[in-house]
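Reading through the structure tokens given below for one structure.
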Amino acid sequence: MNVTIVDHPLVQHKLTQLRRKETPSDVFRRYLREIAMLLAYEALRDQPIERVEIETPLTRMKAPQLAGKRVCFVSILRAGNGLLDGMLEILPSARVGHIGLYRDPRTLAAVEYYCKLPEDIAEREAIVLDPMLATGHSAAAAVTRTKELGAKSVRYVCLLAAPEGVKEMNDAHPDVPIITAAVDSHLNDHGYIVPGLGDAGDRLYGTK
Ligand code: URA
């Protein structure tokens, strides 16, 4: 399976606070932002660097900095925005795209209602964001759209995944690495991840 589980204790600790049903929205948002920064560290691990000549207060040296390869975060609305904030704190120069998808409650199929990506997406590493990889339908649809609009290199970052979603993504997009904090047990009949954390969008924004 093309999936990396970030098992760092800080990530796992924050994930547990996110799972607790009593965690209020403001705390949920803060933990998700923090965990996104830690997931960004893993998602951006292989970004190319170049050596540039700089001067420290003591001497000149050749020091590493991020090379030209540019990143675009693609947030799947609306819960993807909960991961986006932390990612942008780590990499403020990244461009941002948005894809609006909702789940048809009957079929659980992904229905697109909005899509806006930067014109130069083909020259960027696309990192698609959604906290919950459940059935995988929205994830696969968002990645398909991102590729249709030109992206050649795509990865997918989520907070929690279900085995069903990982399989759907691996089948549809075997070239797309998945980075997550955990793969949970299963999906329930309503397409929710178990044990999971409930509806990520509702928990982020205090809706029902
Ligand atoms: N979306 C969510 O927000 N939570 C789930 O458990 C599954 C999909």
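The values are calculated or read from the model by the stated rules, or taken from the named source; none is laboratory data. This is a predicted model, so every value here is computed, not measured. Positions of Cβ are generated from backbone atoms using ideal geometry, with glycine treated the same way; all protein chains shown enter the neighbour counts. Protein only, heavy atoms only, side chains kept; ligands, DNA and RNA dropped before computing areas. Shrake-Rupley method; radii C 1.70, N 1.55, O 1.52, S 1.80 Å.
In table form, for the structure just shown:
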{"quantity": "Rounded percent of accessible protein surface that carbon and sulfur make up, the chain, 1.4 Å probe", "calculated": "53 percent"}
{"quantity": "Charge tally in the Cβ shell below 14 Å around Thr23, where Lys, Arg are +1 and Asp, Glu are -1, Thr23 excluded", "calculated": "+3"}
{"quantity": "Sequence-separation-based contact order of the chain, relative, with Cα cut under 8 Å and 6+ spacing, percent", "calculated": "23 percent"}
{"quantity": "Listed residues Leu32, Leu108 arranged by accessible area, highest first, probe 1.4 Å", "calculated": "Leu108, Leu32"}
{"quantity": "Environment charge at Pro163 (Cβ cut-off 15 Å; Lys +1, Arg +1, Asp -1, Glu -1)", "calculated": "-3"}
{"quantity": "Cβ crowding within 10 Å averaged over residues, with 138-145, 124-131, 19-26, 199-206 ranked highest first", "calculated": "124-131, 138-145, 199-206, 19-26"}
{"quantity": "Descending principal axes extents, the chain, alpha-carbon based, whole Å", "calculated": "63, 38, 30"}
{"quantity": "Cys115 accessible area, assembled protein chains, probe 1.4 Å, Å²", "calculated": "40 Å²"}
{"quantity": "Residue (of Gly191, Gly80, His98) at the positive-pole extreme of segment 64-208, dipole from beta-carbon charges", "calculated": "His98"}
{"quantity": "Value at 222 nm in deg cm²/dmol, rounded to 500, when DSSP H runs of n ≥ 4 in the chain each add -39,500 (n - 2.57)", "calculated": "-10000 deg cm²/dmol"}
{"quantity": "Solvent-accessible heavy-atom area per residue, rounded to whole Å², over segment 3-194 at 1.4 Å", "calculated": "50 Å²"}
{"quantity": "Reachable lysines, given that their alpha-carbon falls under 25 Å from the alpha-carbon of Lys152 and they are not under 8 places away in the same chain", "calculated": "Lys69, Lys116, Lys167"}
{"quantity": "Ordering of 159-171, 73-85 by burial proxy (mean other Cβ atoms within 10 Å per residue, highest first)", "calculated": "73-85, 159-171"}
